[in-house]
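Here is the structure we will look at.
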Amino acid sequence: MSLIGKFLGKEEQPKESPITAILPSEIYNAGVLELKDVIAPSALKITPRELNLGDKIARTFFVISYPRFLTESWFAPIINLDKIYDISIFIHPIDTAQILKQFQKKVAEVQSQIATRESKGLVRDPMLDTAYQDLESLRDQLQQAQERLFDVGLYITLYADTNEELDKLESEIKSILESRLVYLKPSLFQQEQGFRSVIPLLNDELSVHSKLNSSPLSSIFPFISFDLTSDKGILYGVNRHNSSLILFDRFSLENYNSVTFAKAGAGKSYFTKLEILRSLMFDVDVIVIDPEKEYEYMAEATGGRYFNISLTSEHHINPFDLPGAREDESGADVLRSHIINLVGLFRIMLGGLTPEEDAIIDRAITETYALKDITPETNFTTVDPPLLSDFELVLAGMDGGGSLVQRLEKYTKGTWSGFINKPTNVDINKKFVVFSLRDMEDELKSVAMYIVTHYIWSAVRQKLKKRLLVIDEAWWMMKSDDTASFLLGLAKRGRKYYLALSTITQDVEDFLKSQYGLPIITNSSIQVLLKQSPSAIDSVQRTFNLTDEEKYLLLESDVGEGIFFAGLKHVAIKVIASYTEDQIITSDPAQVLAMKEQKRREGGAGI
């Protein structure tokens, strides 16, 4: 048939037949797509046990039985299940007057059965006694309008790509519900009616109901989502699922570590500064390794200490400093451990060592300490440690040390000599301490981070105290196996010394390329994912086992929004600060310039 014939409902007419009777609007309307045409699956197949909807398989179930008591939030594990499914709850009110008449008849029947058993001298039936008590109690509540009765239909439609996946999901949901004495049945030979009952058409075509009064019915309502609200800890943000507050204490978990991943400008530093500011109020000492000079103003505002580590800085750390031995360790253990750390440092400084060079360096370090009369029996807190130039002199007198001395000269006599060839003059005995590495050359940032973190670790081990160590842009440390290995050691050993490690990075790929990247993540009980870039999202999704919905949430999140993982729970978070906090922690260039301009004007006005 031709197009016109189609509209006429008959075969094509001869050419001489008039065609002016076909209106243009009819031709247009015939080609218009309706909403149902757009959302309809490409194909539909109905079987007794399931529906095939295009590429998906759907199976609908209904609840047939409930226990005598329904506890609060019993439905929460199903609501929060990380699977694809639809739930429909139909609630049909029952007229109270009508149901009271039925209750009167039912109570009389139960009383009659109890009386008959008593007249025959039979043992009491606990089931009959319980039923009588429940009926009487509910009848009293209905008469007093404290309760109402409803016919309730609860239907669940599961979706999967294969029958195997669907069977597995069915088994999982059944086991969750049956552990609570709630039983499901598939809507056999009624899959079409079941599916139509679950989709948002408000049609209860299955009509499989259970009678529930108001109290147990309220426990089914699906206004449930994970929350991280506790009675102690700090405020991290607002739960985007239900607007509850995310109050949490990282020191209550199995380990105190956290990792934060976000693209540039997504608010990771803002989130971290807010946590630091609020942690300081709860008697937590905070130490920050800052590669971008973002924490200087915050350190000034909170009365902390700020050290600028660079080639021309007045602040120095001597890597040959020895920490004092604690009660549970000997001087030999401290000296041996420190020599091993120094070998790792020289491996980074000299761009790698051969096995022979490694052995020479190890022997030279031992002889350098011996030159200063430092032995395992020495009290390390009362001696002057050697400097890098002392080590160079020892190395120069050893066989095979010539090439090593040449490579070391740039740190002792060359451009970089002002960095580590001087006695330590920094003191971290403050509530808030920041080491800034922004002005350090990129070639030396890994060396600087290694030295600073070792210095901090030595101080942490000396005195047991609740501390938070923040390492911003941690991907710098992942460039070298020695620094990455040390970072993993901090993550594993920190809990013993009451140390929480917070690792922050925007370069997820570089972080995960290291063999130590994933172990650091798995040794962190808290993980924070803020807005991600499309190039990194697939790697993040694989690493954190995110669903597609969570993946798109991270792509579409605004600044300061993302997903907060704590232990086995995770929620969508929005970071919110007060006005005063925002003024202290902001790193937005526009806000910083405005604040500086305001200070300049106030200073001018004072003059």
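Quick note: the coordinates plus some simple rules give every number you see, no bench work behind them. Just so we're clear, the structure is a prediction, and the values are computed from it rather than from any experiment. Here Cβ is always computed from backbone atoms with ideal geometry, including for glycine, and neighbour counts include all displayed protein chains.
Structure note, pairs LYS413/LYS492; LYS185/LYS569; LYS293/LYS466: Cα-Cα distances above 27 angstrom occur for LYS413/LYS492; LYS185/LYS569. Once both labels are positioned 7 Å from their Cα atoms along Cα-to-Cβ, the gap between PHE282 and THR580 label points is 1.9 nm. In this label model, THR96 and THR547 are separated by 3.9 nm, measuring between points 7 Å along each Cα→Cβ vector. Which pairs break 24 Å Cα to Cα here: LYS105/LYS174; LYS36/LYS56; LYS422/LYS445; LYS268/LYS445? Pairs exceeding 24 Å: LYS105/LYS174.
Backbone N atoms of segment 534-565 closer than 19 Å to the 7 Å Cα→Cβ label point of LEU518 belong to residues 536-547. So the label point goes 7 Å from the Cα of ALA264 along Cα→C-beta, right? Which residues of segment 493-520 then have their backbone N under 20 Å from it? Counting backbone N atoms under 20 Å from the label point, the list is 504-513.
Between the beta carbons of SER171 and ASP37, assuming R0 = 35 Å, the FRET efficiency works out to 0.45 to the nearest 0.05.
Rounded to the nearest 5, what % of DSSP beta bridges with both residues in the chain are antiparallel? Please list the in-between numbers first.
Working: 46 of 74 bridges.
Beta bridges within the chain, antiparallel portion: roughly 60 percent.
Residue ranges 229-238, 426-435, 482-491 sort as 482-491, 426-435, 229-238 when ordered by packing (mean number of other C-beta atoms within 10 Å per residue, highest first). Here are labelled values, [x] 111, 65, 42; [y] 103, 100, 65; [z] 134, 112, 73, and one is the computed Cα extents along the principal axes in Å for what I pasted. Which one? Computed from these coordinates, Cα extents along the principal axes in Å corresponds to label [y].
Helix 268-280 and the longest principal axis of the Cα set of the chain meet at an angle near 80°. Over segment 318-423, the Kirkwood radius and the radius of gyration, each from Cα atoms, give a ratio Rg/Rh of 0.96. Peptide packing: for 190-200, 124-134, the average count of neighbouring Cβ atoms within 10 Å per residue gives the ranking 190-200, 124-134, highest mean first. Mean residue ellipticity, 222 nm, helices only, the chain: the sum of -39500 (n - 2.57) across DSSP H runs of n ≥ 4, divided by residue count and rounded to 500, is -13000 deg cm²/dmol. Spin-label model, GLU164/ASP129: points 7 Å from Cα along the beta carbon direction are separated by 5.4 nm.
Close amide H pairs (under 5 Å, H built 1.01 Å from N) link ALA500 with ARG467, LEU468, LEU469, residues at least 5 positions away or on another chain.
The HN-Hα couplings worked out from phi for segment 38-44 by the Karplus form 6.51 cos²θ - 1.76 cosθ + 1.60 (θ = phi - 60°) are 6, 8, 5, x, 5, 8, 9 Hz, whole numbers, x standing for Gly and Pro.
Listed by chain and number, the lysines whose C-alpha is less than 24 Å from the C-alpha of LYS101, apart from same-chain residues fewer than 8 away, are LYS211.
Annotation: peptides 446-455, 538-547, 299-308, ranked by per-residue average of other Cβ atoms within 10 Å with the highest first, follow the order 446-455, 299-308, 538-547.
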